[in-house]
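Each remark here refers to the structure printed beneath this line.
The values are calculated or read from the model by the stated rules, or taken from the named source; none is laboratory data. Being a predicted model, the structure only gives us computed values, none of them experimental. Here the Cβ is made from the backbone with ideal geometry for all residues, glycine too, and neighbour counts use every protein chain on show.
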Amino acid sequence: MSFSRQNKADILAAVFIAIALPGYYKIKFLLDGQMTIEQLLVPSALYEVMYAFLLASLLLILYRYGSHQIDRVGRPGLKRLLPIALVAASVVVAIGFTRFFFNVVVDWGSPASFEFDIAVLAVMLPLIVSGVADRIFLASEAKIAEQAALVARFETLKARLSPHFLFNSLNTLADIVEEDPKLAVRFIEELAAIYRYILEHRDEQLVPLAAEIEAIRSMLYLLRSRQPGALDVELELAPGTESLQIVPLALQTVVENALKHNAYSAGSPLKLRVFTDEDQLVVENTLNRRENVVSTDSGLESLRTRIEHVCRRPIQIRETNETYSVRVPLIRSA
């Protein structure tokens with residue numbers, strides 16, 4: 001089993017508390033004359049270390065889980081109140097665990113003054129110590145991730161502005177400009193809309209989902225003009241989801257990945273379904289894989305890197321015998 005840097009940070013915090021908490025009381029009792037040096041090294045001290053480690057682990061798990069759930073809440077007022085509820089819950093859990101350990105596991109009892117100290121620990125130490133540990137383990141990771149995200153964003157932009165994409169679009173335009181001038185004007189407008197969207201949002205980490213959808217509509221218009229009847233697309237966005245935010249060019253990247261790896265024509269169209277599922281945008285396509293496709297998967301990998309850096313949540317890829325789907329995280333505005 002591999003551990004992420006976040007897991008390592010939590011383990012470090014738990015180990016620190018497991019040593020520091022018993023050590024604090026040992027030194028305090030020693031200085032107050034309530035304990036001798038010989039009494040410091042009795043085997044029963046291991047119970048104190050075990051208690052502190054389990055308490056720290058329990059609190060860290062509670063804080064991590066609670067913080068994750070708070071991030072998923074969309075209502076601003078409730079989102080401000082939940083951290084207070086989480087702190088209160090941690091105090092209750094810490095005191096409850098303390099009483100259980102010192103009255104059931106070991107019959108030592110838990111004085112009220114000790115429980116008060118543990119309540120303070122529940123409020124302060126998981127945040128402070130975990131924050132310090134995060135700083136130690138995650139600072140370098142954050143810097144690397146930020147650099148990777150910048151590179152990935154540049155590569156995505158470069159790919160979208162590639163001569164190949166423009167060449168195909170201009171070829172289609174050349175075919176229709178004399179036959180249907182009105183269609184040609186519409187084609188130019190949609191092509192311009194795509195490039196305008198890219199240039200306007202190339203430096204942003206998140207964009208409204210509505211803007212991303214409008215850009216993909218323009219892209220799909222160009223693709224349908226090039227191959228009429230080859231794409232069967234359904235857009236099913238739940239009411240109110242347009243205000244959610246998404247990493248820019250995420251939808252275009254996923255759609256292009258589907259087009260690259262699957263064969264499609266007017267006689268055998270590629271079915272694409274784009275819909276929202278709670279806090280995710282799902283792009284699902286039927287499978288009709290092309291043969292001899294050379295792929296480095298750089299598009300989805302770059303997207304994965306950008307999304308994990310910005311959203312702190314991964315994309316999810318699911319494949320069956322008939323369909324392939326990519327779930328992209330959506331973020332609610334603060």
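Quick rundown of the values:
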{"read-out": "Single match in Glu234, Glu204 (criterion: surrounded by fewer than 15 Cβ atoms within 10 Å (Cβ to Cβ) and modelled with pLDDT of 90 or more)", "value": "Glu234"}
{"read-out": "Complete set of residues in segment 311-334 that are over 18 Å from Thr276 (Cβ atoms), out of contact with any Pro (no Cβ under 8 Å at 6 or more places or on another chain) and assigned to a loop (DSSP other than H, G, I, E, B)", "value": "Arg312, Thr320, Asn321, Glu322"}
{"read-out": "Pick from segment 28-48, criterion surrounded by fewer than 17 Cβ atoms within 10 Å (Cβ to Cβ) and at pLDDT 85 or above, ranking: nearest to Ala89 (Cα to Cα)", "value": "Tyr47"}
{"read-out": "Answer residue from segment 49-61, given it is surrounded by 17 or more Cβ atoms within 10 Å (Cβ to Cβ) and without any contact (Cβ under 8 Å) to a residue 40 or more places away in the chain and is nearest to the chain's Cα centre (by Cα) among those", "value": "Leu58"}
{"read-out": "Check on Leu21, in contact (Cβ under 8 Å) with a residue 40 or more places away in the chain and of a type outside the set (Phe, Trp, Tyr)", "value": "yes"}
{"read-out": "Hits in segment 62-75 - residues which are under 15 Å from Val87 (Cα atoms), surrounded by fewer than 17 Cβ atoms within 10 Å (Cβ to Cβ) and of a type in the set (A, V, I, L, M)", "value": "Ile70"}
{"read-out": "Pick from segment 109-122, criterion touching a residue at least 24 places away in the same chain (Cβ under 8 Å) and in contact with a helix residue (DSSP H, G or I) (Cβ under 6 Å, 6 or more places away or on another chain), ranking: surrounded by the most Cβ atoms within 10 Å (Cβ to Cβ)", "value": "Ala122"}
{"read-out": "Cβ pairs under 6 Å, 6+ apart, first in segment 34-47 and within 15 Å of Trp108 (Cα to Cα), second outside any helix (DSSP H, G or I)", "value": "Tyr47/Val106"}
{"read-out": "Contacts under 9 angstrom Cβ, first residue in segment 310-334 being more than 21 Å from Ile213 (Cβ to Cβ), partner modelled with pLDDT under 90 and in a strand (DSSP E or B), 6 or more apart", "value": "none"}
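For every residue, the table says whether it meets (1) surrounded by fewer than 17 Cβ atoms within 10 Å (Cβ to Cβ); (2) among the small types (Gly, Ala, Ser); (3) not assigned by TED's automatic domain parsing to the domain that holds Leu209.
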{"residue": "Leu251", "(1), (2), (3)": "no, no, no"}
{"residue": "Gly267", "(1), (2), (3)": "yes, yes, no"}
{"residue": "Arg273", "(1), (2), (3)": "yes, no, no"}
{"residue": "Val283", "(1), (2), (3)": "no, no, no"}
{"residue": "Glu291", "(1), (2), (3)": "yes, no, no"}
